[in-house]
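Every read-out reported here was derived from the displayed coordinates using simple, explicitly stated rules and does not represent laboratory data. None of the values given here were measured: they were computed from a predicted structure. Glycine also receives a Cβ, built like all others from the backbone with ideal geometry; neighbour counts cover every protein chain displayed.
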C-alpha cells in the first residue's frame with residue numbers, strides 16, 4: 001500500500017506499517033508474529049470516524065481508534081510489499097548499523113553529531129577503497145545491492161574493534177542474504193524452495209539478534225521495511241505466490257525515461273502530474289503513433305519533427321495521415 005493514496009499518516013507515524021495496525025513499539029517488541037489486516041474499505045471507514053469523531057474523543061484517543069488513517073483514501077492499493085524499496089529500506093538501515101558498530105554506540109549514550117559524521121566518513125572511505133563504491137546522498141537500488149553482501153560486511157568488519165561484534169554483524173548479514181531471494185524471486189516456490197521453507201526460522205533468528213545484540217538500536221523502535229520483511233513476507237507469498245514478480249524496477253526506469261516530461265511538460269500537482277505522465281506514456285506506446293512513424297520512417301520531415309518539433313504548414317498532410325490510420 002502507498003501511504004498517501006490510502007490516507008495513512010507519513011512514514012514517521014506511530015503506526016509503522018501499511019499492512020497491519022502495529023505501532024512502532026509493538027512491532028519492535030514482537031518482530032515476527034503479525035498478520036496483514038489493513039484494507040481499503042476499512043481505511044475508508046476509519047477516515048469517516050476520523051472526520052466525524054462520533055464518540056467525541058480526544059485527538060490521541062481518536063488517532064488510536066483509526067490506527068493512523070488521517071486522510072481520505074482515494075485509490076485502492078493491493079496490500080503487498082515492494083521488493084526494490086524493501087532492499088533500499090533495509091540497506092539504509094544496515095548502513096546506519098555499520099556506522100554505529102564502527103563507533104561502538106552500544107557502549108555510549110547520545111554520541112555527538114561530529115562523532116557520527118566521523119564514523120560515516122570512515123565507512124564511506126572504506127567502502128570506496130575496498131569495494132569501489134562511491135558514497136551516495138540517498139540510498140538507491142544499485143548501492144543497496146553492493147552493500148548487502150557478505151563481501152561488504154567483511155570489509156566493514158575491518159573497522160569494527162570488537163571480534164564479538166564482528167561475528168554478530170557477519171551472522172546478521174548471512175541470515176539476510178539467505179532471506180533475500182524469497183522476496184526477490186519471481187516464483188520463490190520454484191526458484192528458492194529451501195530459502196522459502198527456512199524463511200520463518202531465519203526471520204526469527206534475525207529478530208532475536210536485533211533485539212539482543214543490537215538492542216541499543218531496536219529498543220522500542222523499528223523501521224517500516226525491517227518490520228515488513230520479518231513479519232509479512234511469508235503471508236504475502238502464500239497469498240500471491242510472489243513479491244519480486246511485481247518489483248518496481250520497471251517503474252523506476254520509466255521514471256528516468258519520463259523525467260523530462262515530468263519537469264518540463266507536466267503540470268505541477270500530484271494528480272495532474274500523474275495524468276500527464278500517463279498521457280505521455282500512452283503517446284509513446286500508441287500503436288497509432290507507431291504506425292505513423294513506420295509509414296514516415298524515411299521522411300526527412302518526420303525525422304526532423306522527432307528531433308525539433310515545430311508547428312508548420314508543411315506538416316498538415318502528415319497530421320492528416322494520423323487521423324486516417
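Quick notes on this one:
- For the range 72-190: relative contact order, % (alpha-carbon pairs under 8 angstrom, 6 or more apart): 27
- A Förster radius of 41 Å combined with the Cβ-Cβ distance from residue 146 to residue 42 puts the calculated FRET efficiency at roughly 0.55.
- Computed lengthening from residue 128 to residue 294, 0.36 nm per intervening residue step minus Cα-Cα distance: 55.0 nm
- The alpha carbons of the range 62-151 give a radius of gyration and a Dmax of 17.9, 52 Å, in that order.
- Rounded if a/c under 1.5, otherwise prolate or oblate - the range 1-79, Cα gyration tensor axes: oblate
- When peptides 164-172, 176-184, 203-211, 104-112 are ranked by their average number of other Cβ atoms within 10 Å per residue, the highest-first order is 176-184, 203-211, 164-172, 104-112.
- Gain on full stretching of the segment that runs from residue 56 to residue 190 - 0.36 nm per residue minus C-alpha separation: 42.9 nm
- Here's the picture: a label point sits 7 Å out from the Cα of residue 164 along the beta-carbon direction, and within the range 196-223 the residues with their amide nitrogen under 11 Å of it are 213.
- Using a Förster distance of 25 Å, the FRET efficiency for residue 171-residue 109 (Cβ separation, nearest 0.05): 0.45
- Peptide packing: for 71-84, 51-64, the average count of neighbouring Cβ atoms within 10 Å per residue gives the ranking 71-84, 51-64, highest mean first.
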